[in-house]
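The values are calculated or read from the model by the stated rules, or taken from the named source; none is laboratory data. Worth saying up front: this structure is predicted, and the values here are computed from it rather than measured. No Cβ is skipped: glycine too gets one built from the backbone with ideal geometry, and neighbour counts run over all protein chains shown. These area figures cover heavy atoms from the full protein model, side chains too; ligands, DNA and RNA do not enter into them. Shrake-Rupley method; radii C 1.70, N 1.55, O 1.52, S 1.80 Å.
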Amino acid sequence: MPFPKDFIWGAATASYQIEGGAWEDGRGEANWDRFCRTEGCVFEGHTGDVACDHYHKYKEDVQLMKELGIEYYRYSVAWPRIFPEGGGKLNQAGLDFYRRLNDELLTAGIKPFPTLYHWDLPQVLEERGGWASREIPMLFGEYANTVVSALSDQVENWFTLNEPWCTAFLGYNTGYFAPGRKESPKVIAQVIHHLLLAHGLGVQAVRANGAPGVEVGIVLNTFTFLPATDSPEDEAAAHARYIKDNGWWLDPMYKAVYPEGTWSDLEDARPDIEPGDMEIISSPTDFIGLNIYSAALTRADKTEVPNDESTEVTFMGWPVRPKAIYSAIERLSRIYSPKKVFIAENGAAYDDKIADDGLVHDKERVSFLKRYHAELERAADDGLPIKGYFAWSLLDNFEWAFGYSKRFGIIYTDYDNDCRRIPKDSYYYYKELINTCK
Ligand code: GCO
């Protein structure tokens with residue numbers, strides 16, 4: 001294994017997807033609580049009320065992580081637990097939950113790597129305009145200051161936002177995700193700008209309130225394009241598509257400008273940008289996290305090759321394309337030269353079942369992971385700045401609009417039996433990989 005000895009192995013989850021305890025200890029309503037209760041929005045009306053019951057089972061989960069051998073755990077902090085009203089009065093009990101979790105992790109020799117925002121916005125803030133309102137990034141900055149300073153003795157690494165593209169487009173354009181709004185291009189452009197501003201304020205909050213040496217970055221779902229053939233024309237088209245689709249997020253952060261043509265993609269709807277915003281957005285980061293699942297095959301004319309029966313897909317219908325992981329790291333590094341890259345999520349959904357022997361033999365997931373890990377290894381071997389990897393996900397969990405119908409875990413969650421955990425074959429495969437690399 002050519003992975004460097006200090007390569008970080010981890011697993012990832014997100015608050016709304018696993019915690020449950022939705023109405024306990026003063027937690028406020030989240031946008032997703034409301035969305036789940038809106039007719040027709042989430043598969044069979046599933047909610048995050050109980051989820052994996054991690055809020056109560058976190059000690060057991062940390063033991064499973066310890067047994068797995070991960071060194072870092074990526075989770076997210078639920079804003080509505082900390083500020084049930086979005087801002088103003090702090091809910092100490094909410095903060096205490098994350099302190100207890102971090103204590104448990106640190107005792108087990110695992111470092112917490114939290115994300116400040118993985119899509120659960122206090123519902124009161126949605127009612128004040130949500131991400132279309134400039135008040136939200138400002139309140140996010142205050143929330144970030146509070147959380148980072150309260151956990152500064154426990155946390156050395158922070159992610160600001162997770163996949164702001166999903167918030168902007170699935171939340172405010174298609175309406176597939178909370179808050180389910182279908183807005184005009186002008187509003188969507190404003191949402192994008194506010195999310196980027198929140199990221200920048202999050203970076204500043206970490207610098208101002210974290211312990212010396214604390215590090216920070218964002219997590220993006222950069223779109224990955226692979227050339228359909230070996231031809232240089234297909235490769236040039238794939239690279240051009242990468243720049244066009246990802247520059248919206250990456251240029252403001254790395255170059256303090258929106259790329260040419262960004263707003264024309266949104267019918268020339270420019271957001272309102274205040275003086276100083278681009279400086280905030282481009283506050284220097286220490287690393288970037290990429291969530292990689294699949295890729296599109298691109299032809300010279302920049303169109304994508306449609307999937308057919310021969311395309312291997314996961315239970316989400318996403319094509320299995322292991323080269324996505326190498327390509328995502330390579331293109332990003334070539335264009336933006338980040339200091340460090342993490343794969344912040346990678347994994348797959350399959351239709352897992354408990355077998356007669358009581359175990360879960362998820363051989364498709366093991367095969368998926370092996371192939372993606374080979375490409376990760378190739379990236380490390382080629383000297384790309386890849387420093388770590390987080391498996392998505394530690395546990396089967398609430399897969400947003402799909403509810404509990406899609407299982408991404410390396411640990412099975414038996415929802416019918418008090419959310420009992422059953423490590424899958426992929427858990428043991430990953431354990432072995434980590435062990436070999438140490
Ligand atoms: C995302 C989120 C995760 C998802 C995972 C599988 O990438 O959409 O970060 O919360 O559950 O990616 O879809």
Mean-square fluctuation maximum in Gaussian network of the chain, Cα pairs under 10 Å, restricted to Glu233, Glu163, Glu71, hits Glu233
Only helices at least 30 Å long along their axis, Cα-based, and averaging -0.5 or more on Kyte-Doolittle count here, so list those DSSP H runs from the chain.
185-209
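For segment 32-143, what % of the accessible area comes from carbon and sulfur atoms, probe 1.4 Å?
Taking all protein chains in place, segment 32-143 shows 51 percent carbon and sulfur surface.
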With a 1.4 Å probe and every protein chain left in place, tell me how much accessible area Glu183 has, in Å² to the nearest 10.
60 Å²
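Using +1 on the beta carbon of Lys and Arg, -1 on that of Asp and Glu, and nothing else charged, what's the dipole of segment 75-157 about the Cα centre, debye to 20?
20 debye
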Can you list the residues, at least 5 places off or on another chain, whose amide H is less than 5 Å from the amide H of Glu215, using H built in the peptide plane?
Asn157, Trp158
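So how strong a dipole does the chain carry about its Cα centre when Lys and Arg Cβ are +1 and Asp and Glu Cβ are -1, to the nearest 20 debye? The partial results should precede the final answer.
Values: 45 positive and 67 negative charges, 160 e Å.
Result for the chain is approximately 780 debye, rounded to the nearest 20.
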With +1 at each Lys and Arg Cβ and -1 at each Asp and Glu Cβ, the charge dipole magnitude of segment 350-438 around its Cα centre, to the nearest 20 debye, comes out at 280 debye
With springs only between Cα atoms under 10 Å apart, run a GNM on the chain and tell me which of Asp61, Asp25, Asp49 wobbles the most.
Asp25
Name all residues of segment 175-189 having a backbone nitrogen under 14 Å from the label point set 7 Å from the Cα of Asp268 along its Cα→Cβ direction, giving them as ranges.
186
Go through 35-48, 350-363, 386-399 and give me the packing order, highest mean Cβ count within 10 Å leading.
386-399, 35-48, 350-363
Express the accessible area of the chain per residue in Å², computed with a 1.4 Å probe while the remaining protein chains stay in the model.
38 Å²
To the nearest 10 Å², what's Ser264's accessible area with a 1.4 Å probe?
70 Å²
Quick shape check on segment 181-335: root eigenvalues a ≥ b ≥ c of the Cα gyration tensor, a/c under 1.5 is rounded, otherwise prolate if a/b tops b/c, else oblate, and it reads prolate
Listed pairs Lys66/Lys111; Lys66/Lys431; Lys255/Lys339; Lys5/Lys424; Lys370/Lys438; Lys244/Lys302 exceeding 20 Å between Cα atoms
Lys5/Lys424
Ranking Val216, Thr13, Leu116 by how far each Cα lies towards the positive end of the charge dipole of the chain (+1 on Lys and Arg Cβ, -1 on Asp and Glu Cβ), the top one is Val216
Under a 5 Å amide H to amide H cut-off, with H placed in plane at 1.01 Å, what residues pair with Arg420 once short-range neighbours are removed?
Asp414
Hey, what did the chain get for relative contact order, percent, Cα under 8 Å, at least 6 apart?
18 percent
Could you run the Karplus curve 6.51 cos²θ - 1.76 cosθ + 1.60 with θ = phi - 60° over segment 344-354 and give me ³J(HN,Hα) per residue in whole Hz, x for Gly and Pro?
7, 8, 6, x, 7, 8, 9, 7, 5, 10, 7
When the convex hull of the C-alpha atoms of segment 146-191 is computed, what volume per residue in Å³ does it have?
92 Å³
The chain: C-alpha gyration tensor shape, a/c 1.5 cut-off, then a/b vs b/c:
rounded
Compute the relative contact order of segment 149-268 as a whole-number percentage, counting only Cα pairs closer than 8 Å that sit 6 or more residues apart in sequence.
26 percent
The chain - share of DSSP beta bridges that are antiparallel (%, nearest 5):
20 percent
Shape call for segment 67-107 from the C-alpha gyration tensor, a ≥ b ≥ c root eigenvalues: rounded (a/c under 1.5), prolate (a/b greater than b/c) or oblate?
prolate
Could you pull out every residue, at least 5 positions away or on a different chain, whose amide H is within less than 5 Å of the one on Gly409? Hs are placed 1.01 Å off N in the peptide plane, and Pro or chain starts have none.
Ser393, Asp396, Asn397
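How big is the antiparallel share of DSSP beta bridges in segment 244-401, given as a percent to the nearest 5?
Percentage antiparallel, nearest 5: 20.
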Whole-angstrom gap from segment 251-315 to segment 39-102, using each part's C-alpha centre
29 Å
Among 410-417, 193-200, what's the highest-first ranking by average C-beta atoms within 10 angstrom per residue?
193-200, 410-417
